[in-house]
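Student: Here's a structure for you.
The values are calculated or read from the model by the stated rules, or taken from the named source; none is laboratory data. Note that this is a predicted model, so its numbers are computed, not measured. Positions of Cβ are backbone-derived with ideal geometry, glycine not excepted, and every protein chain shown enters the neighbour counts. The area values use the complete protein model at the heavy-atom level, side chains included, leaving out ligands, DNA and RNA. Shrake-Rupley method; radii C 1.70, N 1.55, O 1.52, S 1.80 Å.
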Amino acid sequence: MTREKELLALHESIRNCTLCPLHKTRTQAVPGEGPVHARIMFIGEAPGVQEDATGRPFVGRSGELLTEMIESIGLTRERVFITSVLKSRPPNNRTPTQSEIEACRPYIDRQIELIDPRIVVLLGGVAISSIVGPWKVSDSHGDYFEAKGRIFFMTYHPAAALRFPKAKALMKSDFEVLRSLLV
Ligand code: URA
């Protein structure tokens, strides 16, 4: 099977997933979107109300800011892959539980494997702690490290940037560091 077909099949299983109780409350699962050969992948926390309604990642207010930041460093949404750690919306946008993160984990692991991006951008504490380690975003934002031929880059979640002007300014300067890694 080609990588593209495998990704489509994976997204189909995500849409039909019943591995955690969130499948009972979601409208639909949100696998993520972007080219299978994307060199950069952005990983958020979990779908919100608009993502749950449309089935597309980062289409609400956080998504608008993320798109703006992506464009500010000379990229476009069409060229990157965008997804979240959880594929189903937690009720009232509460923080994902550890067991939800664990249930969903094979999906993000397989997406990273199939897309095989050069850079993985972790947006916020849930993405950072789920994918790379127990670091606080306030300590690790703007930092990156290389593992298995990939760069893991840490920054704020756009929802935090919308809430706190200081986080927005820090996220903007993190994206300038990210720009310098796009070679
Ligand atoms: N926040 C996320 O982390 N993911 C989305 O898809 C939307 C908002």
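Student: Between ARG118 and GLU68, with labels modelled 7 Å along Cα→Cβ, what's the label distance in nm to one decimal, could you check?
Tutor: 2.8
Student: Could you calculate the contour length gain from SER173 to LYS148, that is, 0.36 nm times the residue separation minus the distance between their Cα atoms, to one decimal place in nm?
Tutor: Full extension from SER173 to LYS148 adds 6.4 nm.
Student: Given Cα pairs under 8 Å that are at least 6 residues apart, what percent is the relative contact order of the chain? Please report the intermediate quantities before stating the final value.
Tutor: On the way: 324 pairs, mean separation 40.9, N = 183.
RCO, the chain: 22 percent.
Student: Around SER72, with a cut-off of 9 angstrom between Cβ atoms, what is the net charge of the other residues, counting Lys and Arg +1 and Asp and Glu -1?
Tutor: Values: positive: LYS172, ARG179; negative: GLU68, GLU71, GLU176.
Net of charged neighbours comes to -1.
Student: Of all accessible surface on the chain at a 1.4 Å probe, what whole percent is carbon and sulfur?
Tutor: In the chain, the share of accessible area belonging to carbon and sulfur is 52 percent.
Student: Please state the charge dipole magnitude for region 3-181, taken about the Cα centre, from unit charges on C-beta atoms (+1 on K and R, -1 on D and E), reported in debye and rounded to the nearest 20.
Tutor: 240
Student: At R0 = 22 Å, how high is the FRET efficiency between HIS37 and ARG110 if r is their beta carbon distance? Nearest 0.05 is fine.
Tutor: Values: r = 16 Å, r/R0 = 0.72.
Efficiency, from the Cβ-Cβ distance: 0.90.
Student: Just to be sure I understand: if I project the alpha-carbon convex hull of region 3-42 onto a plane and average over all orientations, what area do I get in nm²? Before the final figure, lay out each step's value.
Tutor: Numbers: hull surface 13.4 nm².
The orientation-averaged projected area of the Cα hull of region 3-42 comes to 3.3 nm².
Student: Run through the DSSP bridge list for the chain and note the antiparallel percent, rounded to the nearest 5.
Tutor: Antiparallel bridges make up about 30 percent of those DSSP assigns within the chain.
Student: Per residue, how big is the convex hull around the C-alpha atoms of region 129-180? Give it to me in cubic angstrom, could you? Mind showing how you got there, number by number?
Tutor: Details: hull volume 4.0 nm³, N = 52.
With only Cα atoms used, region 129-180 gives 77 Å³ per residue.
Student: Another question about this same structure. Could you estimate the translational diffusion coefficient of region 33-150 from the Stokes-Einstein equation, with Rh from the Kirkwood formula over C-alpha pairs, at 10 °C and 1.306 mPa s, in whole µm²/s? Present the calculation step by step, with values, prior to reporting the outcome.
Tutor: On the way: Rh = 14.6 Å.
D, rounded to a whole number, is 109 µm²/s.
Student: Could you compute how much accessible surface GLU64 exposes when probed at 1.4 Å, giving the result in Å² to the nearest 10?
Tutor: Approximately 120 Å² for this residue.
Student: Here's a follow-up. Report SER129's accessible area, 1.4 Å probe, all protein chains in place, as a number in Å² to the nearest 10.
Tutor: SER129 exposes around 60 Å² with every protein chain in place.
Student: Using a 10 Å cut-off on Cβ atoms, rank the peptides 145-151, 5-11 from the highest mean neighbour count down.
Tutor: The densest-packed peptide leads the list: 5-11, 145-151.
Student: Run the numbers for PHE164 and LYS5: contour at 0.36 nm per residue of separation, minus the present Cα-Cα distance, in nm.
Tutor: 53.2 nm
Student: Continuing with this model, one more query. Just the accessible area per residue of the chain, please: how many Å² with a 1.4 Å probe?
Tutor: For the chain, the per-residue accessible area is 50 Å².
Student: Give me the distance in nm between label points sitting 7 Å out from Cα along the Cα-to-Cβ direction at LYS136 and LYS24, one decimal.
Tutor: 3.6
Student: Could you state how much accessible area PHE164 has, in square angstrom rounded to the nearest 10, with a 1.4 Å probe and all protein chains kept in place?
Tutor: The value for PHE164 is about 110 Å².
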